[in-house]
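To start, the structure under review is shown below, and the notes come after it.
The values are calculated or read from the model by the stated rules, or taken from the named source; none is laboratory data. None of the values given here were measured: they were computed from a predicted structure. These accessible areas exclude ligands, DNA and RNA; they are computed on the full protein's heavy atoms, side chains included. Shrake-Rupley method; radii C 1.70, N 1.55, O 1.52, S 1.80 Å.
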Amino acid sequence: MISLVNKTIFITGIGSGIGLATAKLLHQLGATVAGSIYYPEQHKNLAEIADPEAIFELDVRDSQAMNHAVKETVKHYGA
């Protein structure tokens, strides 16, 4: 079994669909998950698997917002 303990993974579209399914799997494997959502109501989908401070509401087409989110994740988790 793969272990992702002490790994932080940033996932775009973490609030639903493939992104959410991936986040759940990675969380089960021990990873810390962070990522972006588009709709505020998607926060509820992540309550069990992600720190609210690691979830960023943004449009992935906004490169400045994406860069900020990734930098904040690195600052928060150190990786």
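Observations on the model:
- For the chain: rounded, prolate or oblate by the Cα gyration tensor [a/c cutoff 1.5]: oblate
- For residue 7, a cut-off of 15 angstrom between C-alpha atoms picks up these aspartates and glutamates, skipping any fewer than 8 places away in its own chain: 51.
- The listed residues 73, 32 rank as 32, 73 when sorted by accessible area, largest first, using a 1.4 Å probe.
- With every protein chain in place, the chain: carbon and sulfur % of accessible area (1.4 Å): 55
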